[in-house]
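One structure below.
The values are calculated or read from the model by the stated rules, or taken from the named source; none is laboratory data. Computed from a predicted structure; not experimentally measured. Every residue, glycine as well, gets a Cβ built from its backbone with ideal geometry; the counts of neighbours run over all protein chains shown. Just so you know, the surface numbers come from the protein's heavy atoms only, side chains and all, with ligands and any DNA or RNA stripped out. Shrake-Rupley method; radii C 1.70, N 1.55, O 1.52, S 1.80 Å.
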Amino acid sequence: PAGPGPFPGVIDLFGGAGGLIEFRAGLLASRGFAVLALAFFAYDDLPQVLAQLDLEYFEEAAELLLRHPKVRGPGLGVVGVSKGAEVALAMAAFLPQVAATVWINGTASLHGNPLVYKELRIPPIPYYTERILFTELGAMDNSAIFADPQDPAYRASAIPVEKIRGKVLFVVGEADRSFNSKLFAELALARMPPESGRMLSYPGAGHLIEPPGSPLCSVSSIRGTPRPVVWGGEPQPHARAQEDSWREILRFLELRLGSVAAVKL
């Protein structure tokens, strides 16, 4: 934001599209937050394909943001959607700098890629790509490629949310065709400390819940897939979900990180 600050700091993460995506970071900055839009693969000198999640990279980003002279600590927020929400939840579990986490249609376990952090390694639940379905239009429906995260065989892949010291806001689209995000949110909340998490669940909303005014994207191409992917959602309830969740996200970040109005004086 304009002015001397210091401003509450937020890291903004997207998912399987990779690259650097900045529109949500810009909108958050217009609301008084200092935001680091963080790419973690398929950008500049980063790996082109996501092989593993190295939490030390995200820890370095948190430390970099908090060292900025216009950023007010001691804690920061993280906003993530899809794979970015998976990363955000892991950051909340392991990094004491993370005071507020916004999880949008993510998972509560590692999927497809392991997470490494110093001597720790969390193995992933594999994707069962042979289960991919195709719609009449030829788009990919990935909802069946996820194994049951409640299967005891995958217990070691769960993100240790019981270690979270900050607060988490879970944003769920009940018409998400990418995966059962409501189940993942419920599983995480069941293992978290009391009062540390809250879920907003929206019937008719799809996977890509974005700021208000963004058009519903129910099917799109994505990096690394041979055909377009189905995300789900119905126009009117999805639009309402985007309006309501954006207000709640801004309120949550301001509550947990400190008033943005105070820093504008």
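Numbers for the structure displayed
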item: Total residues in segment 109-150, condition part of a loop (DSSP other than H, G, I, E, B), open to solvent by 90 Å² or more (accessible area, probe 1.4 Å) and either among the hydroxyl-bearing types (Ser, Thr, Tyr) or more than 26 Å from PHE40 (Cβ to Cβ) (or both); result: 3
item: Residue list for segment 123-151, restricted to those being among the hydroxyl-bearing types (Ser, Thr, Tyr) and under 20 Å from the mean Cα position of the chain (by Cα); result: TYR127, SER143
item: Pairs with Cβ under 9 Å, 6+ apart, first in segment 244-260 and modelled with pLDDT under 95, second among the hydrophobic types (A, V, I, L, M, F, W, C); result: VAL260/PHE7; VAL260/PHE33; VAL260/LEU250; VAL260/LEU253
item: Within segment 152-168, tally of residues that are assigned to a helix (DSSP H, G or I) and over 17 Å from the mean Cα position of the chain (by Cα); result: 8
item: Single residue of SER214, SER181 found to be crowded, with 22+ Cβ neighbours inside 10 Å and touching a residue at least 12 places away in the same chain (Cβ under 8 Å); result: SER181
item: Matching residues in segment 184-201 - criterion: being within 17 Å of GLN242 (Cα to Cα) and either over 16 Å from the mean Cα position of the chain (by Cα) or open to solvent by less than 50 Å² (accessible area, probe 1.4 Å) (or both); result: LEU200, SER201
item: Verdict on ALA100 being crowded, with 22+ Cβ neighbours inside 10 Å, assigned to a helix (DSSP H, G or I) and of a type outside the set (D, E, K, R); result: no
item: Residue that is of a type in the set (D, E, K, R) and either surrounded by 13 or more Cβ atoms within 10 Å (Cβ to Cβ) or at pLDDT below 95 (or both), where the choices are ARG165, ARG155; result: ARG165
item: Failed item in (1) over 30 Å from PRO1 (Cα atoms); (2) open to solvent by less than 80 Å² (accessible area, probe 1.4 Å), with ILE209 passing the rest; result: (1)
